[in-house]
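What follows is a set of notes on a single structure, which appears directly below.
The values are calculated or read from the model by the stated rules, or taken from the named source; none is laboratory data. Keep in mind that this is a model prediction, so the values were computed, not measured. Cβ: placed from backbone, ideal geometry, glycine included. Neighbour counts: every protein chain shown. Only protein heavy atoms, including side chains, enter the accessible area calculation; ligands, DNA and RNA are left aside. Shrake-Rupley method; radii C 1.70, N 1.55, O 1.52, S 1.80 Å.
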Amino acid sequence: MSEVFMPSAFAAAEIHIEEFLNLDEFPIHDLTNPRRAELVAHCRSGLDKWGCSHVPDFILPSAIEAMHQEALRLIDKGCAREAHAWVNPYLTKDDEGLEKTHPKRFFEERTSSFINSDLLESRSLLRMIYDSDVMVHFVAECLNVGPIYRWAEPLGRNPYSVMEDDDYFPWHFDGNDFTVSILVNEAEEGGDFEYVPDVRTPNNECFDEVGAVLHGQRDRVRVLSLKTGDLQIFKGRYSMHRVTKTKGREPRIIALPTYVTNPYLVNRPHHAEAFYGRAMDIHHERNLERLDKLTD
Ligand SMILES: O=C(O)CCC(=O)C(=O)O
Ligand SMILES: [Fe+2]
């Protein structure tokens, strides 16, 4: 029997995108506006060339502040679940049947935490951004794929990731296809996003290439230093990524709305457990074979 979820989505008519966007600068609602076409072209070009698009100062400072305050309130209430877990890039358990040097046997300590999506406040601006169909449409055009959907994943669909002083978020692949990252508070030092564009493909795990990166090869690694307010669009299922160690008194906080091509799926149970602290009934019920044959 599935757990019951309270409805949590805002209707399209309740979402006023001018609460989080400067529509003169970023008119993503106006399909005839040349600025919108330029913005989409900019994002497509970043994704084509580097596997990532970056739009500085995309979200209004007032909205960033509202999300920052929400995250701090939730952190105060103990909602940022500390992980301190050893993880490999696939979030699977150790497999002693494999060679010691296999990427599935490469474990790093994850100390960063998540505020899971089911803990967001009822008037959460992050949830409002996530529920905006205008945003989904814009993100799909930037990715040049479609249709895309919001993810059914109850814990990881739009979480905040929190990194306190000395925290580290190890190399991994995402269970979802696409992630929009909105930096809500940058780290005083460190906290760079490092990634290897398309290091694996839907049909090939490319373990040799993945292993080379894990063991220190840097030639395909790209580094993105986001600033507070920036937007990033990224394909985390094929591009392995990590966040370098953060330093400072204030936590690095990032909002992570996620999108998928299959609206039915959620994270695999081992992924939900390793990242979000628990596997729920839905993670077992929907643990279907993937179109790609990737581990996770
Ligand atoms: O914190 C970030 O920039 C990335 C977070 C991430 O990779 C994830 O939540 O899967
Ligand atoms: Fe990720």
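Suppose the chain between residue 10 and residue 221 were pulled fully straight at 0.36 nm per residue; how much longer would it get relative to their current alpha carbon spacing? Can you show the working numbers first?
On the way: separation 211, 0.36 × 211 = 75.96 nm, distance 3.81 nm.
Extra length available between residue 10 and residue 221 comes to 72.1 nm.
Over the chain, what is the relative contact order in percent, taking alpha-carbon pairs closer than 8 angstrom and at least six residues apart? All intermediate terms of the calculation are to be shown ahead of the outcome.
Values: 625 pairs, mean separation 73.8, N = 296.
The normalised contact order for the chain reaches 25 percent.
Compute the long axis of helix 34-50 from its Cα atoms, compare it with the longest principal axis of the Cα atoms of the chain, and write down the angle in degrees, 0 to 90, nearest 10.
On a 0 to 90 degree scale, this one is about 10.
Working from Cα positions, state the angle (0 to 90°, nearest 10) between the long axis of helix 61-76 and the longest principal axis of the chain.
Compared with the principal axis, the helix lies near 50 degrees.
At 7 Å along Cα-to-Cβ for each site, give me the label-to-label distance between residue 144 and residue 278 in nm.
A separation of 4.3 nm, rounded to one decimal place.
Sketch the reach of a paramagnetic label on residue 192 as a point 7 Å from Cα along Cα-to-Cβ, and name the residues of the range 216-246 whose backbone nitrogen lies under 13 Å away.
Answer for the range 216-246: 218-226, 242-246.
Kindly list the residues of the range 235-258 that lie in the label zone of residue 49, defined by a backbone N under 18 Å from the point 7 Å along the Cα-to-C-beta vector.
235
For the range 51-150, state which GluC sites (Glu not before Pro) are in a DSSP loop and have at most 15 other beta carbons lying within 10 Å of their beta carbon.
Details: sites: 65, 70, 82, 96, 99, 108, 109, 121, 141; in loops: 96, 99, 121.
Those satisfying the criteria are 96, 99, 121.
Could you calculate the FRET efficiency of residue 247 with residue 287 from 1/(1 + (r/R0)^6), where r is the beta carbon distance between them and R0 is 41 Å, rounded to 0.05?
Numbers: r = 38 Å, r/R0 = 0.93.
For residue 247 and residue 287, the calculated efficiency is 0.60.
Determine the order of 284, 271 by accessible area, beginning with the largest, at a probe radius of 1.4 Å.
The ordering from most to least exposed comes out as 284, 271.
Of the accessible area of the chain, with the probe set at 1.4 angstrom, what percent is carbon plus sulfur?
50 percent
With every protein chain kept in place and ligands, DNA and RNA left out, what is the accessible area per residue of the chain? Probe 1.4 Å, answer in Å².
Values: 13570 Å² over 296 residues.
The answer is 46 Å² per residue.
Could you let me know the centre-to-centre spacing of the range 181-223 and the range 25-44, using Cα atoms, in angstrom?
Value for the Cα centre distance between the two parts: 28 Å.
Out of the range 88-176, which trypsin sites (Lys or Arg not before Pro) are coil in DSSP terms and have no more than 16 other C-beta atoms within 10 Å?
Working: sites: 93, 100, 104, 105, 110, 123, 127, 150, 157; in loops: 93, 100, 123, 157.
Loop-located and lightly packed - 93, 100, 123.
If r is the Cβ-Cβ distance from residue 85 to residue 31 and R0 is 51 Å, what FRET efficiency results, to the nearest 0.05?
0.70
Whose amide H sits under 5 Å from the amide H of residue 21, counting only residues 5 or more places off or on another chain, with H placed in the peptide plane?
Here 60 satisfy the definition.
Using the Karplus curve 6.51 cos²θ - 1.76 cosθ + 1.60 with θ = phi - 60°, work out ³J(HN,Hα) for each residue of the range 131-138 in order, rounded to whole Hz, and write x for Gly and Pro.
So the Karplus estimates, Gly and Pro as x, are 7, 6, 5, 4, 5, 4, 4, 4 Hz.
Taking a 1.4 Å probe, which of 161, 225 shows the most accessible area, and what order do the others take after it? Provide the component values of the computation, followed by the final result.
Working: 161 5, 225 65 Å².
Sorted descending by solvent-accessible area, the residues read 225, 161.
Based on the alpha-carbon gyration tensor of the range 1-102 and its eigenvalue square roots a ≥ b ≥ c, which shape applies: rounded if a/c is under 1.5, prolate if not and a/b is larger than b/c, or oblate? All intermediate terms of the calculation are to be shown ahead of the outcome.
Numbers: a/c = 2.23, a/b = 1.41, b/c = 1.58.
It comes out oblate by the Cα gyration axes.
With the radius of gyration and the Kirkwood radius both derived from the Cα set of the range 133-272, what is their ratio Rg to Rh? Working shown, then result.
On the way: Rg = 15.1 Å, Rh = 15.8 Å.
Reported Rg/Rh (Cα atoms, Kirkwood Rh): 0.96.
Given a Förster distance of 22 Å, report the FRET efficiency between residue 77 and residue 109 from their Cβ-Cβ distance, rounded to the nearest 0.05. Don't skip to the answer; put the middle values down first.
Details: r = 25 Å, r/R0 = 1.15.
Once the sixth-power term is evaluated, E becomes 0.30.
Assuming 0.36 nm per residue, please report the length gained on full extension of the stretch residue 122 to residue 95 beyond their Cα-Cα distance. Numbers along the way, then the final one.
Details: separation 27, 0.36 × 27 = 9.72 nm, distance 4.13 nm.
Length gained, residue 122 through residue 95: 5.6 nm.
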